[in-house]
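The values are calculated or read from the model by the stated rules, or taken from the named source; none is laboratory data. Every value quoted in this text rests on a predicted model; they were computed, and no experiment measured them. Using ideal geometry, Cβ is built from the backbone for each residue, glycine included, and neighbour counts are taken over all protein chains shown. Only protein heavy atoms, including side chains, enter the accessible area calculation; ligands, DNA and RNA are left aside. Shrake-Rupley method; radii C 1.70, N 1.55, O 1.52, S 1.80 Å.
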Amino acid sequence: MRAVLDHIGIAVRNLDEALAFYRDALGLHVEAPEEVAAQRVRAHFVPVGESNIELLEATASDSAIAKYIEKRGPGIHHITLRVEDIRAALVQLKSRGVRLVDEQPRPGAEGALVAFIHPSAAHGVLVELKEKPAQAIDLRPQRFPLGKLRLTSVNDGLFRLDGGAMFGVVPRPLWAKKAPPDDRNRIVLAMRPLVVEAEWGRMIIDCGVGDKMDAKSADIYALDRRRHLDHALADAGLSAESFDSVLATHLHFDHFGGATTRDARGAVVPRFPRATYFIRRGEWHDATHTHERNRASYLPDDFVPLDKAGVVGFYDADHEVQRGVRVVRTGGHTGQHQIVFLESEGQTAVFTADLIPTTAHVQDPWIMGYDLFPMDTLTFKKRFIRDAIEREFLIFFEHDPFVAAGYIREKDGKRSVEQVL
Ligand SMILES: [Zn+2]
Ligand SMILES: [Zn+2]
């Protein structure tokens, strides 16, 4: 096995005192802190050559770092070795009887995979193995001209959902290879709305989760909005005020929470002040008449205030919402879930929302356990993916952390995605 020293983690009791040494006395550059909410720790990276010192500060008294300091005082907490193939490394260690904390790799910061070796096996040192992602999560806006339409994929940060629920009947050993779960069985997902600009104006399709989520839910969903929609719009030179319309694929909170926001007085108001919000009437009905199976996904504050503000444009059926922007009901995920066809000058792109949320879902039976009518999903999906392959639709994957858009290819019966954005 080949390994390089990635970083040394140092548990510090008091960050200001630590900075007085590492930054002021040693004169090292200290990067802005990274908050790891799940572990209740704040990490400050100090680059030293090709490795880093990581200053770890507890943000709560029950954090592992706080307990470590309580027991042993501040000091070296762990060392991290970067390996090329973390699974192979774990197999090798296991075959030699080395005691592991993690038998399977789990997701770490910035899309890396990590696993800990037990200190008793490593002569008193907690050793972390880390495999850098082949592909970093890139949340910068990405443009794609499609005939006369200008498309820009933007994002509202990352969150996590239960891996089992994301893949329905697919057994964990199959999906875990494509989307490694964390210690709570969750996988990382992105929220990627799509901006469409044309001679008729500017539209955003879905708008992410927004900023209204409470702390408890934010923990359950590991909400990570260090980079969110406002950043993405600013990077693309756009502002919420500049949108004429908002189009909802459906009203689940991870797609439409960003439709509203709280004003200075705490009242929930439309997030895009000039926009008309296009919502399918059937979906509105379902979202306002929930049952035990879908209630957790529909949060009234995401959409009811829009109707009160008189800014909803209701419609009943599949149609062209704006020139080149056509909604098509898929059903399946929700009874009225729809995808959006973008068509201009003979080219077609499709924003597939929760029909094909990630590139892993391009296999027909990889259907979310969340879907209310999975057989409807299957019927629609089989026909749609056949078309998408034959007619080379550019597919936008709203929840994929790595691939914003690509072409679905099929060779010898095996499907893959050729990444474009
Ligand atoms: Zn959904
Ligand atoms: Zn979703």
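Observations
- Estimated at the nearest 10 Å², the accessible area of SER61 is 100 Å² with a 1.4 Å probe.
- 14 Å beta-carbon shell around LEU372, net charge (K/R +1, D/E -1): -3
- Highest mean packing first, where packing is the average number of other Cβ atoms within 10 Å per residue, the peptides 86-99, 354-367 line up as 354-367, 86-99.
- Site pair ALA296 and GLU390 shows an inter-label distance of 3.9 nm when each label is modelled 7 Å from Cα along Cα→Cβ.
- Scanning residues 5 or more positions from LEU247 or on other chains, those with amide H under 5 Å from its amide H are ILE204, ILE205, ASP206, PHE278, with H placed 1.01 Å from N in the peptide plane.
- In the chain, taking the dipole from charged Cβ atoms about the Cα centre, the farthest positive-side position among PHE116, PHE351, THR377 is held by PHE116.
- Top positive-direction residue, dipole computed over region 129-254 with Cβ charges, set PRO141, ALA248, ALA198: PRO141
- All other residues whose Cβ lies under 9 angstrom from that of ILE79 are scored, Lys and Arg at +1 and Asp and Glu at -1, for a net of -2.
- If the segment from ASP16 to MET375 were pulled out straight at 0.36 nm per residue, it would be longer than the present Cα-Cα gap by 123.5 nm.
- Sorted largest first by accessible area at a 1.4 angstrom probe radius, with every protein chain in place, the residues ASP316, ASP254 fall in the order ASP316, ASP254.
- Approximate spin-label separation ALA60-GLN363, in nm, with each point projected 7 Å along Cα-to-Cβ: 3.6 nm
- A simple rule links phi to the HN-Hα coupling: the Karplus curve 6.51 cos²θ - 1.76 cosθ + 1.60 with θ = phi - 60°, which for region 333-341 gives 4, 10, x, 10, 4, 9, 10, 10, 8 Hz, with x for Gly and Pro.
- Nonlocal Lys pairs with alpha-carbon distance under 25 Å, region 90-203 (8 or more apart, or different chains): 8
- 20 Å reach of a label modelled at ALA37, 7 Å along Cα-to-Cβ, counting backbone N of region 129-160: 137-140, 155-160
- Counting only protein heavy atoms and a 1.4 Å probe, region 56-97 has 61 square angstrom of accessible area per residue.
- Total charge dipole magnitude, the chain, about the Cα centre, Cβ charges on Lys, Arg, Asp, Glu only, Debye to nearest 20: 800 debye
- A straight Cα-to-Cα reach below 27 Å connects LYS212 with the lysines LYS308, residues fewer than 8 places away in its own chain not being considered.
- Each principal axis of the Cα cloud of region 82-223 was evaluated for its coordinate range; sorted largest first, these ranges are 66, 34, 32 Å.
- In the context of the full set of protein chains, residues of region 110-239 present 44 Å² of accessible surface per residue (probe radius 1.4 Å, heavy atoms only).
- Net length available on complete extension from ASP219 to LYS177 is 12.7 nm, with 0.36 nm assigned per residue and the Cα-Cα distance removed.
- Residue-level accessible surface for GLU418, protein heavy atoms, 1.4 Å, Å²: 80 Å²
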